[in-house]
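Novice: I'd like to ask some things about the structure below.
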Amino acid sequence: MSGLFIVFEGGDGSGKSTQAARLVEALRTSGRTVIATREPGGTRIAEKIRQLILDPQNLELSDRAEALLYAASRAEHVHHVVRPALQRGEIVVSDRYMDSSIIYQGLGRGLGADQVRDLNLWATEGLRPDLTIVLDVPAHFGLERVGTPDRLELAPREMHERIRDYYLQMAASDPSHYFLISAEQTIDAIADSVRSRVDELLALHA
Ligand SMILES: Nc1ncnc2c1ncn2[C@@H]1O[C@H](COP(=O)(O)OP(=O)(O)O)[C@@H](O)[C@H]1O
Ligand SMILES: [Mg+2]
């Protein structure tokens, strides 16, 4: 595959959607073909699954069913959107990907990070991002920026440190695929750092 797959991760309100939009805009301005997408969602069926998962009335959804629904949504997204675009040589920028499941379902719901990773690697036929940009926020910081709560935001706040540990570990063990950046900066400052890191990747890729 000749394209590039770039993912934004981070807690709710950390600035993922803002930064994804900024990066997409910058890349398009420089003449690149970019697909902007989000998870869970990104296709008609995946959006339906998203509504099912995020509906506050579905609080009884079991943990395993939730993990499978996320994986099903992701399988749709990868099969119909991400992989075809990468095969056309395009850049795909996604707001969240499988690390969100590893964190929320694997660590948060206690299903196990390795099991949830394996499930998602199966669902996506092993598609991993070329670069994951993690917007790192101090405890409770992101939550203050959020509007309407959905099911995900009802997860216990103590998870924050475990999430942070996970990303610190990923970034330490796989620095070429992870870029951690403090979300406690201006939107412009973060966008500039992200752009520099992505430019390095594009230079290597050319
Ligand atoms: N660096 C920043 N500084 C201050 N406010 C920000 C910053 N980045 C995003 N915001 C604002 O915080 C809110 C949440 O940002 P958003 O990009 O939607 O986060 P996410 O997609 O991670 O939930 C929005 O109102 C956005 O304008
Ligand atoms: Mg968002």
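Novice: What are the ³J(HN,Hα) couplings of the range 172-185, residue after residue, when phi is run through the Karplus curve with 6.51, -1.76, 1.60 and θ = phi - 60°? Round to Hz, x for glycine and proline.
Specialist: 6, 8, 9, x, 6, 10, 10, 10, 8, 9, 5, 7, 8, 9
Novice: Could you give the Stokes-Einstein D for the range 4-205 in µm² per second, using the C-alpha Kirkwood radius, 10 °C, 1.306 mPa s?
Specialist: The calculation lands on 93 µm²/s.
Novice: While we're here: Give me a comma-separated list of calculated 3J(HN,Hα) values for the range 188-199, in order, Karplus coefficients 6.51, -1.76, 1.60 applied at θ = phi - 60°, integers in Hz, x for any Gly or Pro.
Specialist: Residue by residue, the range 188-199 yields 5, 5, 5, 4, 5, 5, 4, 4, 4, 5, 5, 4 Hz.
Novice: Given Cβ point charges of +1 (Lys, Arg) and -1 (Asp, Glu) and nothing else, what value in debye, to the nearest 20, does the dipole of the range 4-205 about its Cα centre take?
Specialist: The dipole magnitude comes to about 520 debye.
Novice: Can you work out the PRE-style zone for H79? Point 7 Å along Cα to Cβ, and I want the residues of the range 20-61 with backbone N under 20 Å.
Specialist: Those under the cut-off are 37-53.
Novice: Listing K48, K16 from the residue with the fewest other Cβ atoms within 10 Å to the one with the most, what is the order? Don't jump to the answer; show the numbers that get you there.
Specialist: Details: K48 13, K16 24.
Result, fewest neighbours first: K48, K16.
Novice: At a Förster distance of 35 Å, what's the computed FRET efficiency of D63 paired with S193, Cβ-Cβ distance as r, to 0.05?
Specialist: Working: r = 36 Å, r/R0 = 1.02.
For D63 and S193, the calculated efficiency is 0.45.
Novice: Let me ask you something else. Normalised by the number of residues in the chain, what is the relative contact order in percent for Cα pairs under 8 Å and 6+ residues apart?
Specialist: 31 percent
Novice: Out of residues 5 or more away from V134 or on other chains, whose amide H comes under 5 Å of its own, with H placed 1.01 Å from N in the peptide plane?
Specialist: Sorted by chain and number, the residues that satisfy this are E9, F179, L180, I181.
Novice: Take peptides 51-64, 158-171 and line them up by average Cβ neighbours within 10 Å, highest first, as a rough protection proxy.
Specialist: 158-171, 51-64
Novice: Can you tell which of G11, T186, A36 lies farthest toward the positive end of the dipole of the range 4-205, using +1 and -1 charges on the Cβ of basic and acidic side chains (Lys, Arg; Asp, Glu)?
Specialist: About the Cα centre, the residue reaching furthest to the positive side is A36.
Since every read-out is calculated from the coordinates, none of them should be taken as a lab result. All values derive from a computational prediction rather than experimental measurement. Quick reminder, even Gly has a Cβ in these numbers, built from the backbone with ideal geometry, and neighbours come from all protein chains shown.
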